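Below is one structure, written out as structure tokens; comments come after it.
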Amino acid sequence: MTKIEKLLEIAKNPEPFEGGTQEIWLDPDRADFVLKSYFDENIPGGSRESGFIDETVDFINKIAPVEKYKKIIDLGCGPGLYSQNLAMKGYDVVGVDFNKKSIEYAISEAKKRDLSIDYWNEDITNIEIENEFDLALLIYQIYCVFSPENRKKILNNVHRGLKSGGLVLLDVLSETSYEKFPQNLMWSLSRKDNLFSDKKFLSLYTSIKYPNKVTLAKNILVFGDGEIVNYNYWNQHFSIESLEKEVNDAGFTLEKLYADVNGEDYVNNSDFFAVVLKKK
């Protein structure tokens, strides 16, 4: 297959939740970009500012006091921003992420701060845990990026890993965000100050709405040496009812609804919402 033929093949609209040629969180050539994104709220997919993280940790301490909910698993922990704050509150924390560089950074930071946090470089769809934890975190809408099959795996893993009556803090994108999702077709030549690569490339970007409240942000990078990389970033958008059905089927009850994971009161027509689940 020639380079042009490959590009034409990659440019086709994929099936829902079909992967690209590379997963950005696992791409060694973008490892520095991924790590930087966790500390820059202006980068899509990055983390939140420190004040919001502090509010979230205080909220977790309120709904799951350390005296009763001692052991926490932070799924998709990235570089450990929440994990280390929770450890400083006295929780026993396990942080899990499939990005090796982020886990290495988290381990290094824990050592610097003399924090005892157990970090695992694993895929949360395949994690083996059983009746160990009081609380699981699935925050910053990471649940939305997985296919229905993988979401079911994750919920089953979490259900198995929680003690009876254990809690889950989970946030998702809403149907309102689906309605507002912009559909675009754009191309641009890389600038010298771009964060993706030192090499010049052409970026072909499209954002598409799919049926069943699914969206895709697709980015193709075409480099001067002929290399072509494609990232597909999927999101499932939920109504309260559709999320509740999904978690009920996995053995959870939806206990409380919030605007966000910091415990703000729920508001209608927000771009996202958060829930506290309880293991049946």
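In segment 252-280, which residues are farther than 24 Å from V214 by Cα, more than 21 Å from the chain's Cα centre (by Cα) and not in a strand (DSSP E or B)?
K280 - this is the single residue of segment 252-280 that is farther than 24 Å from V214 by Cα, more than 21 Å from the chain's Cα centre (by Cα) and not in a strand (DSSP E or B).
Report whether or not Y231 is crowded, with 19+ Cβ neighbours inside 10 Å, of a type in the set (S, T, Y) and closer than 25 Å to T21 by Cβ. Break it down into steps so the answer makes sense when it comes.
Values: crowded, with 19+ Cβ neighbours inside 10 Å: yes; of a type in the set (S, T, Y): yes; closer than 25 Å to T21 by Cβ: yes.
In short, yes.
Name every residue in segment 172-198 that is surrounded by fewer than 13 Cβ atoms within 10 Å (Cβ to Cβ) and in contact with a Ser or Thr (Cβ under 8 Å, 6 or more places away or on another chain), in order of residue number.
P182, Q183, N184, L185, M186, W187, S188, L189
Answer with yes or no whether N212 is closer than 22 Å to K245 by Cβ, loosely packed, with under 13 Cβ neighbours inside 10 Å, in the same structural domain as V222 (by TED's automatic domain parsing) and out of contact with any His (no Cβ under 8 Å at 6 or more places or on another chain).
Yes.
Show me the helices (runs of 4 or more DSSP H) found entirely inside segment 1-92 where at least 1 residues are under 26 Å from V276 (Cα atoms) and modelled with pLDDT of 95 or more.
50-63, 81-88
Take the conditions touching a strand residue (DSSP E or B) at 6+ places or on another chain (Cβ under 8 Å) and in the same structural domain as Q141 (by TED's automatic domain parsing) and apply them to E241. Does it pass? Spell out the reasoning first.
Details: touching a strand residue (DSSP E or B) at 6+ places or on another chain (Cβ under 8 Å): no; in the same structural domain as Q141 (by TED's automatic domain parsing): yes.
No; evaluated as a whole, the condition is false for this residue.
Looking for whichever is at pLDDT below 95, at negative phi and touching a Lys or Arg at 6+ places or on another chain (Cβ under 7 Å) here; the options are F252, F201, F223. Which one fits?
Criteria check complete, one pass: F223.
The values are calculated or read from the model by the stated rules, or taken from the named source; none is laboratory data. Source: prediction; values computed, not measured. Methodologically, a virtual Cβ is constructed for each residue, glycine included, from the backbone with ideal geometry; neighbour enumeration extends over all protein chains shown.
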